[in-house]
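S.K.: The structure is given below, and queries will be raised subsequently.
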Amino acid sequence: MIVWLNGTHGAGKTTTSALVQQLIPDSRVSDAEKVGETLMDITPALPAPGTDNFQHWPPWRPLVVETARRVLDYTGGTLVMPMTVLVEQYWREISTGLAQHAIPVRHFVLHADQDTLRGRIAGDTVVGSNSWFRLKYLEPYAEAARTWLHGEAEVVDTTHLTPAQAALRIAEAVKS
């Protein structure tokens, strides 16, 4: 099984995924961003996707599926995958690819209101305060949430939750 943690930058996916992993027996965290980083490291560089987002490279989505499939074939158990996917077509490619391999997915969106997200991004000590990259995805997240994302996932509003509380809600939902 895959427990996919979606949501925009600053919602708490990375922190929450590590805590979810501790609460679900036989689980591992696998960050699909590492697949994108691998693509970014290819030299000479792949043809530009027209943006700074590796998700727009066509190989990224099937490689995420194949990586998850191979890891699950090898280890069994559950993969907890923290990754923002705001383009509906990309989510469909990933979820359809996983379904073709009979891999069940529990898709969660970690949501917070815009003011909370801006505050978290401003105070981030890991990535750095007010990351332009994180800030530029606030509106695309809000649009995805309004149009398709919240209808495709179980929404966990983290506005007033600690990462530990959000992780507990997710783990309980997965176990039920």
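S.K.: When you scan the stretch 93-105, how many residues do you find that are surrounded by 13 or more Cβ atoms within 10 Å (Cβ to Cβ) and free of Cβ contacts under 8 Å to residues at least 12 places away in the same chain?
M.R.: Residues meeting the conditions: 0.
S.K.: Then there's this: Just to be sure, is Val156 surrounded by 16 or more Cβ atoms within 10 Å (Cβ to Cβ), at pLDDT 95 or above, within 15 Å of the chain's Cα centre (by Cα) and among the aliphatic types (A, V, I, L, M)?
M.R.: yes
S.K.: Could you list, ordered by first residue, the pairs with Cβ atoms under 6 Å in which the first is in the stretch 111-130 and more than 23 Å from Arg169 (Cβ to Cβ) and free of Cβ contacts under 8 Å to residues at least 24 places away in the same chain and the second is in a loop (DSSP other than H, G, I, E, B) and open to solvent by 40 Å² or more (accessible area, probe 1.4 Å), at least 6 apart or interchain?
M.R.: Ala122/Ser129; Ala122/Asn130
S.K.: So, one more: Kindly indicate whether any position in the stretch 106-115 is surrounded by fewer than 18 Cβ atoms within 10 Å (Cβ to Cβ), farther than 15 Å from Val156 by Cα and under 17 Å from the mean Cα position of the chain (by Cα).
M.R.: So far as the stretch 106-115 goes, no, none of its residues is surrounded by fewer than 18 Cβ atoms within 10 Å (Cβ to Cβ), farther than 15 Å from Val156 by Cα and under 17 Å from the mean Cα position of the chain (by Cα).
S.K.: Kindly evaluate Pro49 against the criterion of being open to solvent by 50 Å² or more (accessible area, probe 1.4 Å) and more than 11 Å from the chain's Cα centre (by Cα).
M.R.: For Pro49, the condition - open to solvent by 50 Å² or more (accessible area, probe 1.4 Å) and more than 11 Å from the chain's Cα centre (by Cα) - is not met.
S.K.: When you check Glu66 against the structure, is it without any contact (Cβ under 8 Å) to a residue 40 or more places away in the chain and either open to solvent by 60 Å² or more (accessible area, probe 1.4 Å) or closer than 18 Å to Gln89 by Cα (or both), yes or no? Before you say what the answer is, go through the steps one by one.
M.R.: Working: without any contact (Cβ under 8 Å) to a residue 40 or more places away in the chain: yes; either open to solvent by 60 Å² or more (accessible area, probe 1.4 Å) or closer than 18 Å to Gln89 by Cα (or both): yes.
Yes; evaluated as a whole, the condition is true for this residue.
The values are calculated or read from the model by the stated rules, or taken from the named source; none is laboratory data. The structure presented is a predicted model; accordingly, all values stated were derived computationally and were not measured. Note that each Cβ is placed from the backbone with ideal geometry, even for glycine, and that neighbours are counted across all protein chains shown. Please note that ligands, DNA and RNA were not included when accessible areas were found on the heavy atoms of the full protein model with its side chains. Shrake-Rupley method; radii C 1.70, N 1.55, O 1.52, S 1.80 Å.
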